[in-house]
Amino acid sequence: MKNSTLVKGTAAIAVGAALLLGGGGTLANWNAEATAAPGTIVSGDLNVVKSVNGVWKDRNGATIDISTYKVVPGDKLTFTQDLTVTLTGNKMAANVATTGITATNGFTPANVSVSTPALTVGGTAVANPLKPTPTGADQTVTATITFEFLSTTTGRADTTASYSFNNVAFQLTQVTQSGLS
């Protein structure tokens, strides 16, 4: 009888295992899935282009030919350049600056003053950083640089000096706004 009990016990274990492994047990694992369409990421744009040639004017607002004009102490000349600025992006902002302008470019630094660009859009003064227009359209930004041969210049200082603006460029550089890191 010992064998019969052993056989019955083994059979009961085998039937229980078969029920568990054969779907009669609770080894189920539920899964679900949902699809999403997160969209496409598109980058913005930043660009600056010289629209037309810039114009030099004297203190009285008269247009001058810089290649033949000779400055004297007390002269104040302005260079105005229209720039087409493209700024596209939700958090886009950029500064307009000049490169190639130094105080020691041919004149004694104490005798001249060269400004950073003053900016206007549609005749209204604006400050850096520039931001995109509400419609995202390009904007015409007018940059004005002032060169002044100071009236405090004495003696014969800088009588034959020259100041080369030939390597001046307008540079548009993105700046980080809040929310970016």
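Read-outs throughout are calculated quantities, based only on the coordinates presented, and are distinct from any laboratory measurement. Note that the coordinates shown come from a computational prediction; the quantities given were computed from them, not determined experimentally. Neighbour counts run over all protein chains shown; Cβ positions are idealised from the backbone, glycine included.
In region 28-114, if every C-alpha pair distance is counted and binned at 5 Å from zero, what percent goes to each bin?
With a bin width of 5 Å, the distribution comes to 3, 9, 12, 14, 13, 9, 8, 6, 5, 4, 3, 3, 3, 2, 2, 2, 2, 1, 0.
Name the shape class, rounded, prolate or oblate, that the alpha-carbon gyration tensor gives for the chain, where a ≥ b ≥ c are the square roots of its eigenvalues, rounded holds for a/c under 1.5, and otherwise prolate holds if a/b is larger than b/c and oblate otherwise. Working shown, then result.
Numbers: a/c = 7.38, a/b = 4.34, b/c = 1.70.
Because a/c hits 1.5 or more and a/b exceeds b/c, the chain counts as prolate.
Mind putting a number on the dipole of the chain about its Cα centre? Charges go on the C-beta only, +1 for Lys and Arg and -1 for Asp and Glu, and I need it in Debye to the nearest 20. Write out the running numbers ahead of the final one.
Numbers: 10 positive and 9 negative charges, 144 e Å.
The dipole magnitude comes to about 680 debye.
State the answer as a single residue: which of Ala32, Thr124, Leu87 lies farthest towards the positive end of the charge dipole of the chain, with beta carbon charges of +1 for Lys and Arg and -1 for Asp and Glu, about the Cα centre.
Working it through, the farthest residue towards the positive pole turns out to be Ala32.
Would you please put 63-69, 169-175, 39-45 in order of how densely packed they are, using the mean number of other Cβ atoms within 10 angstrom per residue and starting with the highest?
169-175, 63-69, 39-45
Given only helices, namely DSSP H runs of n ≥ 4 each adding -39500 (n - 2.57), what is the per-residue ellipticity at 222 nm of the chain, to the nearest 500 deg cm²/dmol? Write down the numbers at each step before the final one.
Values: 1 runs with 18 residues, N = 181.
Helices in the chain give a 222 nm mean residue ellipticity of -3500 deg cm²/dmol.
Could you tell me the center-to-center distance, by alpha carbons, between region 116-181 and region 46-78 in angstrom?
Measuring centre to centre over Cα atoms gives 13 Å.
Strictly greater than 14 Å: what percent of every Cα pair in region 105-173 meets that? Walk me through the numbers on the way to the answer.
Values: 1601 of 2346 pairs.
Here the tail beyond 14 Å accounts for 68 percent of pairs.
Which one of Leu77, Gln174, Val49 is farthest out on the positive end of the charge dipole of the chain, using unit charges on Cβ (Lys, Arg +1; Asp, Glu -1) and the Cα centre as origin?
My answer, from the dipole projection, is Gln174.
Cα axis of helix 2-19 to longest principal axis of the chain: angle in degrees, 0 to 90, nearest 10?
Between the helix axis and the principal axis of the chain, the angle is about 30 degrees.
Across the chain, how many lysine pairs separated by 8 or more positions, or lying on different chains, have Cα atoms within less than 23 Å? Numbers along the way, then the final one.
Values: Lys50/Lys131; Lys57/Lys70; Lys57/Lys76; Lys91/Lys131.
Eligible lysine pairs with Cα atoms under 23 Å apart amount to 4.
Where in region 73-115 does the label zone of Thr135 land, with the point 7 angstrom along Cα→C-beta and an amide N cut-off under 19 Å?
Under cut-off, by backbone N: 83-90.
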